[in-house]
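A quick write-up on the structure given underneath.
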Amino acid sequence: MTYARSQRWLEYGAIALFALLAAWSLAVLTGATGWLALIAAPIGWLAADLLSGLLHWALDSFGSVRTPLIGQAFIRPFREHHVDPEEMTRHDFVETHGASCFAALPLLAAACFVPWMFVQALLTFIALGALATNQCHKWAHMEEAATPKLVLWAQRRRLVLPREHHRLHHTAPFDSHFCMSSGWLNAPLNALLRAWR
């Protein structure tokens, strides 16, 4: 796999900016009432699952590694992942999360300017869910012995993407189970994508 130095620096920048904007947004939200987070967090996690599925499907289905702007940064990792699904388990933090941080920056930027606290909380939790998505996906490919016990517990309860569930995506004809956060929305998204075909 070719992982350009320029790509890595872009991901360093995206992670730094993501951390700054997320910290600012969470600091603003600490002044809000607790019910806001109790409602926004699960909705954000569900939205992150849906967005991960739609994005995964689109990057698997359209364009090529030579597509301007997104080919090398986004399409290439998805396509190479199908050749060697376990390669991502060998990625460091930056390679695992850089693209996710970059993709979530518009959500965090919008959260900085939106005047409604609930919408700001929702955008922030969707962005945090997007950050967690690639880690959940990585855990779904890790050997059970190498997976933290707390993650195994969460996978068994389907709080995060279970490895058995995600294995269905890597089974021919490779046209289903695109959601990578929790996998909760795979059934409705599979039905919708089949209807589009």
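The values are calculated or read from the model by the stated rules, or taken from the named source; none is laboratory data. All figures in this text were calculated on a predicted structure; none of them were measured in a lab. Cβ placement follows ideal geometry from the backbone for every residue including glycine, while neighbour counts extend to all protein chains displayed. Accessible surface areas use protein heavy atoms only, side chains included; no ligands, DNA or RNA. Shrake-Rupley method; radii C 1.70, N 1.55, O 1.52, S 1.80 Å.
Values for this structure:
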quantity: Positive dipole terminus of region 51-197, leading residue within Ser182, Val65, His82 (C-beta point charges); calculated: Ser182
quantity: Phi-based couplings in Hz for region 129-140 (Karplus 6.51, -1.76, 1.60; Gly and Pro marked x); calculated: x, 5, 4, 6, 4, 5, 5, 4, 5, 4, 4, 5
quantity: Efficiency of FRET between Glu80 and Leu26 - r from beta-carbon atoms, R0 41 angstrom, step 0.05; calculated: 0.75
quantity: Cut-off under 5 Å, modelled amide H: who pairs with Val160 long-range; calculated: Gln155
quantity: Check: region 1-88 dipole with +1 on Lys, Arg Cβ and -1 on Asp, Glu Cβ, in debye; calculated: 340
quantity: Mean Cβ count within 10 Å, highest first, over the residues of peptides 166-178, 135-147; calculated: 135-147, 166-178
quantity: Surface share of carbon and sulfur [accessible, 1.4 angstrom probe, percent] for the chain; calculated: 71
quantity: Farthest toward positive dipole pole in region 35-169 [+1 Lys/Arg, -1 Asp/Glu at C-beta], among Phe113, Ile43, Leu131; calculated: Ile43
quantity: Gain on full stretching of the segment that runs from Glu164 to Ala16 - 0.36 nm per residue minus C-alpha separation; calculated: 49.9 nm
quantity: Residue-averaged [θ]222 nm for the chain, counting only DSSP H segments that reach four residues, each worth -39500 (n - 2.57); calculated: -22000 deg cm²/dmol
quantity: Order by protection proxy (mean Cβ within 10 Å, highest first), peptides 66-75, 48-57, 122-131; calculated: 122-131, 48-57, 66-75
quantity: Pairwise label distance in nanometres, Leu54 with Ser6, each label 7 Å out on the Cα-Cβ vector; calculated: 3.0
quantity: Two-decimal log10 I(q)/I(0) for the chain, as the Debye equation yields it once each C-alpha is a single scatterer, q = 0.10, 0.17, 0.18 Å⁻¹; calculated: -0.42, -1.22, -1.34
quantity: Accessible area (Å², per residue) of the chain, counting only protein heavy atoms and a probe of 1.4 Å; calculated: 53
